[in-house]
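> Dropping a structure here in structure tokens format, bear with me for questions.
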Amino acid sequence: MIYPIVLYGDPILRRRAGPVKEFGPELATLAKDMVETMYAADGVGLAAPQIGLPLRMFVAIEVADREDDESLEGQVIDEPTDDELTPEQKRRAWGVVAEHVIVNPTITLSDDKQFGRDGCLSLPGLSVEDVPRAQSVVLEYQDLNGEPRQLKADGYFAHVLQHEYDHLEGVLYFDHLPADRRESFLAENRSTLAAWQREARALAKERASARAVRAAPSGRS
Ligand code: ZN
């Protein structure tokens, strides 16, 4: 199943997500659906809050050495491939070497820095150059069986993992920019961001009234 992706302006993107407590077939299905949703959106990572679930969980792909390959930029594949391609065809076209499902992670950042481009499926079409991030990371996390795991990464993949981890903390990529660059990013994209915020508010209202309807007595007994 492919989930709709939550856009900037939805409060869930600014909240700290809570731990995953139940490991079982439902979690495995969710992970599979998140991977499918990520490929459908031409993303290299997707966090649970981006599909409206306040859970500490994300999926991310690792691609073959891309020193000379600028086709993968930030969180999003720059030139979206044909929508008709299956996830398996995208795996081959992008040179995916591993798919990771990360549950309840903690992250350790290196002191040395890298500067890279960030985009985000929740801010479609926007990106920023030279976002400062740690050069390498170590994630301690649980797999889908709840078993403890460790993942070490550096360079581009470490950049992606930091972006996804941030989503579990309610952090978005432009938060990492120096104040002046952050302000100009927000100013340059003011109308786009405002449109998403209006849409998100309308959707949140719809969700709230759907809940109210469900909670109301049906009148039948
Ligand atoms: Zn993102």
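The values are calculated or read from the model by the stated rules, or taken from the named source; none is laboratory data. Here the structure is a predicted model, which means the values were calculated and not measured. No Cβ is skipped: glycine too gets one built from the backbone with ideal geometry, and neighbour counts run over all protein chains shown. Protein only, heavy atoms only, side chains kept; ligands, DNA and RNA dropped before computing areas. Shrake-Rupley method; radii C 1.70, N 1.55, O 1.52, S 1.80 Å.
> What does the extension gain come out to for A212 and T29, with contour length at 0.36 nm per residue minus their alpha carbon separation?
Result: 63.0 nm gained on full extension.
> Would you mind checking the tilt of helix 155-168 against the longest principal axis of the Cα atoms of the chain, expressed as 0 to 90 degrees and rounded to 10?
With rounding to tens, the tilt is 20 degrees.
> Still on this structure, I have one more. Scan the chain and report its longest stretch carrying no trypsin sites (Lys or Arg not before Pro) that are both in a DSSP loop and have at most 16 other Cβ atoms within 10 Å. Can you show the working numbers first?
On the way: sites that count: R15, R16, K21, R66, R220.
Answer - 67-219.
> Please calculate how many Å² of accessible area the chain carries per residue, with a 1.4 Å probe and no DNA, RNA or ligand atoms counted. If you can, show how the numbers build up before the last one.
Details: 11910 Å² over 221 residues.
Accessible surface, normalised per residue, equals 54 Å².
> Using only Cα atoms, find the angle between the long axis of helix 25-40 and the longest principal axis of the chain, and express it within 0 to 90 degrees, rounded to the nearest 10.
Approximately 60 degrees, to the nearest ten.
> Sticking with this one: Across every pair of different alpha-carbon atoms, what Kirkwood hydrodynamic radius in Å does the chain reach? Show your work: numbers first, answer last.
On the way: mean 1/r = 0.0545 Å⁻¹.
Hydrodynamic radius (Kirkwood, Cα pairs) of the chain is 18.4 Å.
> Something else now. What lysines could a cross-link reach from K32, if we take a straight Cα to Cα line under 17 Å and drop same-chain neighbours fewer than 8 places away?
Qualifying lysines at Cα under 17 Å: K90.
> Excluding same-chain residues fewer than 8 positions from K113, which lysines have a Cα within less than 19 Å of its Cα?
Of all the lysines, those that pass the test against K113 - Cα under 19 Å, at least 8 places apart if same chain - are K152.
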